[in-house]
Structures are given as C-alpha cells and as structure tokens.
1. Would you point out which residue out of Leu173, Leu179 is under 18 Å from Ala51 (Cα atoms), within 16 Å of the ligand (Cβ to nearest atom) and in contact with a strand residue (DSSP E or B) (Cβ under 8 Å, 6 or more places away or on another chain)?
2. Considering only residues that are part of a strand (DSSP E or B) and touching a helix residue (DSSP H, G or I) at 6+ places or on another chain (Cβ under 6 Å), look in region 220-238 and name the one that is farthest from Ile282 (Cα to Cα).
3. What number of residues within region 126-147 are small (Gly, Ala, Ser) and either at positive phi or more than 29 Å from the chain's Cα centre (by Cα) (or both)?
4. In region 307-314, is there at least one residue being in a helix (DSSP H, G or I) and out of contact with any Cys (no Cβ under 8 Å at 6 or more places or on another chain)?
5. Pick from region 209-223 the residues that are near the ligand (Cβ under 10 Å from one of its atoms) and in contact (Cβ under 8 Å) with a residue 12 or more places away in the chain: which of them is surrounded by the most Cβ atoms within 10 Å (Cβ to Cβ)?
6. Gln77 - would you say it is surrounded by fewer than 24 Cβ atoms within 10 Å (Cβ to Cβ) and touching a helix residue (DSSP H, G or I) at 6+ places or on another chain (Cβ under 9 Å)?
7. For region 453-487, which positions are under 15 Å from Ser122 (Cα atoms) and exposed (fewer than 11 other Cβ atoms within 10 Å of the Cβ)?
8. Considering every residue within region 32-39, establish whether at least one is touching an Asp or Glu at 6+ places or on another chain (Cβ under 8 Å), surrounded by 21 or more Cβ atoms within 10 Å (Cβ to Cβ), in contact (Cβ under 8 Å) with a residue 40 or more places away in the chain and farther than 21 Å from Leu360 by Cα.
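Taken together, the values in this text are just the output of simple stated rules run on the coordinates, not laboratory data. On a predicted model such as this, the values are computed, not experimentally measured, just so you know. Here the Cβ is made from the backbone with ideal geometry for all residues, glycine too, and neighbour counts use every protein chain on show.
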Amino acid sequence: MADMDDQLLWIHGTYVAPDQGQYFDTFNPATGEKICRVAEAGQSDVDKAVASASKGQAEWAAMSGAERGRVLVKTAQLLREHCDALARLESLDGGKPIAETPEADVGSAADCLEFFGGQAASLHGEYQSVPGGFFYTRPEPVGICAGIGAWNYPIQIAAWKSAPALAAGNAMLFKPAELTPLTALKLAELYQQAGLPDGVFNVIQGMADTGKMLTAHPGIAKISLTGEVGTGKAVMRAAADSLKSVTLELGGKSPLIIFDDADLDNAVSAAMLGNFYTQGQICTNSTRVFVHESIREAFVQKLVARTQKLKLGDPLSPDTDVGPMVSADHMAGVLGYIDKGKQEGGKVLTGGGRATNPGLENGNFVEPTIFDNLDDTMTIVREEIFGPVLSLLAFSSEQEVLERANASEFGLAGGVFTKDIQRAHRVAEKMDAGIVWINQYNLTPVEMPFGGFKQSGIGKENSRRAFEHYTRLKTVYVAEGDVDAPY
Ligand code: NDP
C-alpha cells in the first residue's frame, strides 16, 4: 500500500487532476510512512465541481424518491460487499483498529445509506384547510450542499452527510479532512456503480483553504461541517456572507455519571468505550467520568485493571485494541494535555505517556491514560483532548453532580448509569446535552437524531430529522373563493 498511486479529485463521475498541479501527502499514522499523494483542489477545481453538481442535481431531483432510494440502497449493498478492503484502507489511513472499522465505519456508513434509501420515497408535505382555501407544503431540495468532514470517522461522516442530502434530491460536494482523504473517493466510486448520475456526489480534496472556498461559494446553498468548535464558528461566519444554512457537529467534553446502584461492570465497560475506542478520538466521548464516592474504589480497581489489559499495536492486526493517534501533531497535542494534567496536580493511575514499545516507536501511539485527583477547574477536565485520556471525578449527590456535569461550554452528550428508573429519566431530562445514554454509551443507531447543544453544534444528523436540514419548505396557498378586495 505504501506505493499507492496519486489520489485525484472526483468530479462529474471521474478522477481529475487538480488544475494547479498541487498535491499533499497522506501518512500511515502507525508507521509514519507516506501512503500516497493527494490532489489539492483550488478555486477553479471547486468551480468545476459546483458546475458539475448543478447539472447532476437537476437530473437527480427530477427522479422520483423511490428511484433515488434504490441508488442509495444499492450503494449500501456495495459498501458491504467491499467491506474488508474499505475497512483496511480506513485503518491504514486513520490508524483505527481493524477490530473497529468493518462495523463502526463501513457498516455504519452502509446502515445510513440503507436508512435514507428507505426514507427517500416518503418525503411529503402537509395539507391544511384555512379560511378561504387551503395550503399545502412542499419539502424541496436546497440544491448543492457541501459536506466538510473531520478525520476520526471518514467514511461514516461522508455517508452521514451525503445520504440524507442525496435522498432529498440535493447534490453534495464533499471535502474529507486532509489527514484521512482516501475512503470518500471509494464511496464516490460505489455511488457511481450503483447508478448515481454524474455530478451528484463530487469529492474535493484539500486543506482548510479548500474548505473556505466551499463556504464562500455562491453556488452552494448549505454547509454541513463536522469539526472543532473554532472551525464551526469560522464556517458559520463565512456562510453568513451568502446566507447559507449550516449544520455543525462540533466538539464535546461529555459527562458520564455513575450512581451507587449502577451495574459496575457495565459502567466500567461504558467508561472504557467512551474514552479508549478509536483511541479516544470521538466527539461524544465521556471524558469526565463522575463516580459516586461510595463505589469509587471498587469502580477504579476494575477500570484500571481492565484498561491495563488493552493492547496497543498495528491497526491492521485483529487483536489490536488501541491504535495510533491520527497524526504526529495530534499526538503532540494529546501528550501536551497529559503533561498539563500532571503539572496541575492530577495523579496518573495508568498510562500517562507515549507508547514506544518495539514496533510502535515510529507511530503516534499514546497509552490509554486515567487521571485521578482532579477538580473541575483543571485544564484536562474542561478542554476537549480528543485522545485516550479519562478524567475521574467523585460526587456525593445527584444535584451536585448535575450542576458540575452541566458546567461546561459544551453540550454534546452524556450518560447515566443507575438501576433507579426514575432517577435515570430525571437526570436525562436535566442534563444539558443533545444526546443522553441511560445504562449505555456511544451507541448511535442511524434511526436516532444525533447532534449537540451549546458550543457542540447546531442541527441534527441521522433520523428523519436530518431532512429538515437538507430541504427547504415551500408553502402554497390555494384560494377556494373570490378575492375580497376593499377597493
Ligand atoms: P477541524 O475543525 O480541524 O477540521 C474539520 C474539517 O474542516 C476538515 O476537513 C478541515 O480541513 C476543515 N476546515 C478547517 N478549517 C476550515 C475553514 N476555515 N473553513 C472550512 N473548512 C475548514 O476538525 P478535526 O478534523 O481536527 O476533527 C476533530 C474535531 O471534530 C473534534 O473537535 C471533534 O470533537 C469534532 N467532531 C465532532 C463530531 C460530532 O459529530 N459532533 C464527530 C467527530 C468529530 P483540514 O482537514 O484540511 O484542516
């Protein structure tokens, strides 16, 4: 794989080289080796892609919902047929363990295409009688949408954005993150094989500058971004100039609250999944684990023992639990937070540094790390780290823990473990977060709306709610009588 060909742009159903001849490199984060060069789109490439999308969208929107749905369902089938190769490519490019990528990445992308394929024929308006007549509404496609992806779930994000957009009759220009540019191109190939008209899904590669060309482009009606809070704000500001609508899926610092009556083993599993899956690079992660003081010792013992069994290693090896950080820069950032945690008085219970065991020394590996002896004001408890760093916090009462859990600029997600059904729902209601799991963590079935409150974002992905962001609602009034004019 190290000598993979240059990866080009995908515009109007074919690979094209960038007009300016600019390329960037993508690397294997487990070894530091270059995988290939990737084309970087400039303004003229973006203009071409928009012109192509305009043609494609007209053809696509003229097809029935059922016809569009069939293309999406067929693409889902193709994703499943090519699952092994796609999962390997995702693991190679992003460092995600191969134990995860077939299901969590390729499988969830396929689920999403299947779901929206099934929904495409069901988009409908409403009818209501009103004085003098009636009105009806028409959910219409917004036109050309841009999807801008983060690097942690590359093919899943490409599917989560394109499936509802396409089901509703839009075209999409998708820009993957520069760190994980490869699998979106494969999705484009599979869309084409499934019968998607040329231009309906174009892939524009590049850096933040290419993203800015999308947010500024007058031909694009909507932006859906997954990324950091700062990027979300920049995108929203830029989109304001041409009044594009935006969906923003941003960062988080989510609380997991474990009460004294919780099933301890399940709670430990959830805390581990919510901090170490995908090396902790998940936006909804439960990075603040609040444990009731009466069960704290037992919980910590189990958590540390199980965390110490996690196997770091080659992402392509089936028994690897934890792969590398996506890039050397990102690893440096995560290690910086770990140092800061130590400096501010946090006590490391396990992990706490870079992993350089034989075979890992050239990769960006960080040990799964658990911090204790923290308070809510410390940097690592307040800021998103986006790595395998779990912060343990103790609490004594429900009211106290809710106040502390909600005292964050973020509001993406949260979890509660308890056997008390009334308390579970009470806490879910009071949690200031867009997604709450009761006795579970980080499961995101496509049927369920996904999106954050406060600085964690705007809008919802997945579920039928996603259509609200990819359609514009037209109201048509129909008179049933004469025009009653006073003059
Ligand atoms: P970034 O915000 O750095 O980048 C996201 C995307 O935006 C990339 O494609 C990036 O390009 C592009 N971009 C950067 N600047 C601009 C700009 N000014 N205008 C337009 N596009 C721009 O996020 P990361 O890729 O580092 O992803 C990690 C972040 O994503 C974390 O904060 C995480 O919480 C969040 N996230 C949120 C999720 C959610 O659903 N709520 C899910 C997954 C991640 P380039 O890559 O070339 O810099």
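1. Numbers: Leu179 fails: under 18 Å from Ala51 (Cα atoms).
Sole residue among the options that is under 18 Å from Ala51 (Cα atoms), within 16 Å of the ligand (Cβ to nearest atom) and in contact with a strand residue (DSSP E or B) (Cβ under 8 Å, 6 or more places away or on another chain): Leu173.
2. Restricting attention to region 220-238, the residues satisfying the condition of being part of a strand (DSSP E or B) are 222-226.
Of the ones still in play, those that are also touching a helix residue (DSSP H, G or I) at 6+ places or on another chain (Cβ under 6 Å) are 223-226.
Details: Ile223: 21, Ser224: 18, Leu225: 15, Thr226: 11 Å.
Of everything passing the filter in region 220-238, Ile223 is farthest from Ile282 (Cα to Cα).
3. Initial filter on region 126-147 (small (Gly, Ala, Ser)): 129, 132-133, 143, 146-147.
After this cut, where a residue has to be either at positive phi or more than 29 Å from the chain's Cα centre (by Cα) (or both) as well, the list is 129, 132-133, 143.
Here the count works out to 4.
4. Yes, region 307-314 has at least one match.
5. Step one: of region 209-223, the residues near the ligand (Cβ under 10 Å from one of its atoms) are 209-216, 223.
Filter again for in contact (Cβ under 8 Å) with a residue 12 or more places away in the chain, leaving 210-216, 223.
Working: Thr210: 21, Gly211: 24, Lys212: 16, Met213: 24, Leu214: 29, Thr215: 22, Ala216: 15, Ile223: 24.
Among those that are near the ligand (Cβ under 10 Å from one of its atoms) and in contact (Cβ under 8 Å) with a residue 12 or more places away in the chain, it is Leu214.
6. Numbers: surrounded by fewer than 24 Cβ atoms within 10 Å (Cβ to Cβ): yes; touching a helix residue (DSSP H, G or I) at 6+ places or on another chain (Cβ under 9 Å): yes.
Answer is yes for this residue.
7. Across region 453-487, there are no qualifying residues.
8. yes
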